[in-house]
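K.L.:
Before I ask anything, here is the structure I am working with.
Each value in this text was obtained by applying a stated rule to the coordinates, not by laboratory testing. What you see is a predicted model; the values in this text were computed from it and never measured. So basically every Cβ, Gly included, is an ideal-geometry build from the backbone, and we count neighbours across all protein chains shown.
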Amino acid sequence: MIKSVQSAGGAKGSNGAATIESVADILDRELKTVIKDWLFLVERQPDLTCIPLSFDERTGHLPKLLHDVIARLKLDVGVVAPISAAAGHHGDLRYRQGYTVAMVVEESRLLQVTVFTTLHKNTKNLEFSTLLPNVVTIADEVDAQLKQQMLRFMAADAAKVANGK
């Protein structure tokens with residue numbers, strides 16, 4: 001069901017009214033903007049940019065992680081979310097790139113800030129009745145992804161130590 005309200009900004013329906021969207025729909029529509037805004041924040045963190053990476057090396061994981069967040073938002077209440085394979089791969093990647101645990105945690109924090117800022121920018125389009133439960137779901141999913149990243153990161157580190165390297 002699509003809802004419309006008269007509004008001066010945001011996504012518009014065919015009658016010029018703002019379209020009320022779910023959090024998942026807004027994040028899907030704003031995916032490229034979320035990535036661009038996240039990179040903007042990351043590039044202002046010397047402790048993250050001390051490792052020089054190309055745009056693709058720094059952001060290539062984000063579409064998959066964000067699609068996992070969006071998929072989680074679309075799950076019915078009570079359905080157990082699958083573990084994000086993309087998060088595990090990202091943990092491996094960041095380990096190989098020379099990141100520290102603190103750096104991965106900071107990237108994850110900045111992702112949450114960026115997602116919530118994006119929702120704030122789309123306030124006129126938000127379906128408010130589901131906003132708070134969706135914010136909880138987003139935080140839970142991003143934290144679950146961070147856990148997966150750290151498990152793989154620590155496993156890679158343990159394998160390196162075990163191999164004497």
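K.L.:
In whole Å, how far is the Cα centre of segment 106-135 from that of segment 44-96?
P.N.:
For segment 106-135 versus segment 44-96, the Cα centre distance is 17 Å.
K.L.:
In terms of modelled amide H atoms, which long-range or inter-chain residues lie less than 5 Å from the amide H of GLU21?
P.N.:
LEU126, GLU127
K.L.:
Once you sort the root eigenvalues of the Cα gyration tensor of segment 69-143 as a ≥ b ≥ c, which label holds: rounded (a/c under 1.5), prolate (a/b larger than b/c) or oblate (the other case)?
P.N.:
Oblate, since a/c reaches 1.5 and b/c is not below a/b.
K.L.:
Right, another one. Show me the helices of the chain, taken as full DSSP H stretches, that run 24 Å or more along their long axis by Cα and average 0.5 or above in Kyte-Doolittle hydropathy.
P.N.:
Taking the DSSP H segments of the chain (at least 24 Å long, mean hydropathy at least 0.5), we get 101-121.
K.L.:
Any chance you could run the full-extension gain for ARG109 through LYS32? It's 0.36 nm times the residue separation minus the Cα-Cα distance, nm to one decimal.
P.N.:
Full extension of this stretch gives 25.9 nm more.
K.L.:
I'm checking a number: the convex hull volume of the Cα atoms of segment 43-82, normalised per residue, in Å³. What is it?
P.N.:
Enclosed volume per residue, from the Cα hull, is 100 Å³.
K.L.:
Taking 0.36 nm per intervening residue step and subtracting the Cα-Cα distance, what contour gain separates LYS160 from HIS120 on full extension?
P.N.:
10.1 nm
K.L.:
Classify segment 21-162 from the C-alpha gyration tensor, please: rounded if a/c falls under 1.5, else prolate or oblate depending on whether a/b exceeds b/c.
P.N.:
The shape class here is oblate.
K.L.:
Can I ask one more? Gaussian network model of the chain, Cα springs within a sub-10 Å range: biggest mean-square fluctuation belongs to which of VAL136, VAL79, VAL42?
P.N.:
Most flexible of the set in this elastic network: VAL79.
K.L.:
Next up: How far apart, in nm, are the 7 Å Cα→Cβ label points at GLU57 and VAL79?
P.N.:
Going from the GLU57 label point to the VAL79 one covers 3.8 nm.
K.L.:
Return the subset of LYS36/LYS160; LYS74/LYS121; LYS32/LYS74 for which the Cα-Cα distance in this structure is over 27 Å, preserving the input order.
P.N.:
Too far apart for the 27 Å limit: LYS36/LYS160.
K.L.:
Can I ask one more? Taking the Cβ-Cβ separation of VAL135 and LYS64 as r and a Förster radius of 25 Å, what is the calculated FRET efficiency to the nearest 0.05?
P.N.:
Taking R0 as 25 Å, the efficiency between VAL135 and LYS64 is 0.70.
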